[in-house]
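Inspection log for the structure reproduced underneath, given as structure tokens.
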Amino acid sequence: MVKRLLVRAGIGLAVAAAVKMGIQKLQENRAREEDHSYLDPKWDEVPSVDSDKDEDEVGLTQLDSIYRAEWQANAYPRSEAERKALEE
């Protein structure tokens, strides 16, 4: 009887510790998502490194170039005309 009680208490403590660690991981991930310090503010000032190779990159900053690459990867329309063509 005492042995069974100790086993159940040990299992309960292990589950509680696992839940606590999971909650801490979630809180760390949320804090990391809210922290945008990894985005260098200079990226929105420095011209795109591919502007001399790709004429679509001319006039874009490095940050704009990153967003453009993401939009292309996700198949966003490049212009208003393309968007209207896709709707029709």
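No lab work stands behind these numbers, since they all come straight from the coordinates. Quantities reported herein were computed from a predicted structural model and do not represent experimental measurements. Here the Cβ is made from the backbone with ideal geometry for all residues, glycine too, and neighbour counts use every protein chain on show.
Here are the numbers for this structure:
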{"read-out": "Mean separation of Cα contacts under 8 Å (6+ apart) over length of the chain, as relative contact order %", "value": "14 percent"}
{"read-out": "Simple label model, 7 Å out from Cα along Cβ direction - Y76 to I11, nm", "value": "5.1 nm"}
{"read-out": "Kyte-Doolittle mean at least 0.0 and Cα axial length at least 20 Å: DSSP H helices in the chain", "value": "2-34"}
{"read-out": "Proximal lysines relative to K53, as straight alpha-carbon distance under 24 Å, when same-chain residues fewer than 8 apart are discounted", "value": "K42"}
{"read-out": "Of L26, L13, L60, the one that fluctuates the most in a GNM where the chain has Cα springs shorter than 10 Å", "value": "L13"}
{"read-out": "Positive dipole terminus of the stretch 40-87, leading residue within P47, L86, A75 (C-beta point charges)", "value": "L86"}
{"read-out": "Debye, to nearest 20: dipole size of the stretch 40-87, +1 on Lys, Arg Cβ, -1 on Asp, Glu Cβ", "value": "180 debye"}
{"read-out": "Estimated 222 nm signal from helices in the chain, with DSSP H stretches of n ≥ 4 weighted -39500 (n - 2.57), rounded to 500", "value": "-20500 deg cm²/dmol"}
{"read-out": "Length added when fully stretched, R30-V46, from 0.36 nm per residue minus Cα-Cα", "value": "2.8 nm"}
{"read-out": "Label selected from [x] 48; [y] 57; [z] 61, the criterion being percent of Cα pairs over 22 Å apart as computed here", "value": "[z]"}
{"read-out": "Inter-label distance, nm, simple model (7 Å from Cα along the C-beta direction), K84/D54", "value": "2.6 nm"}
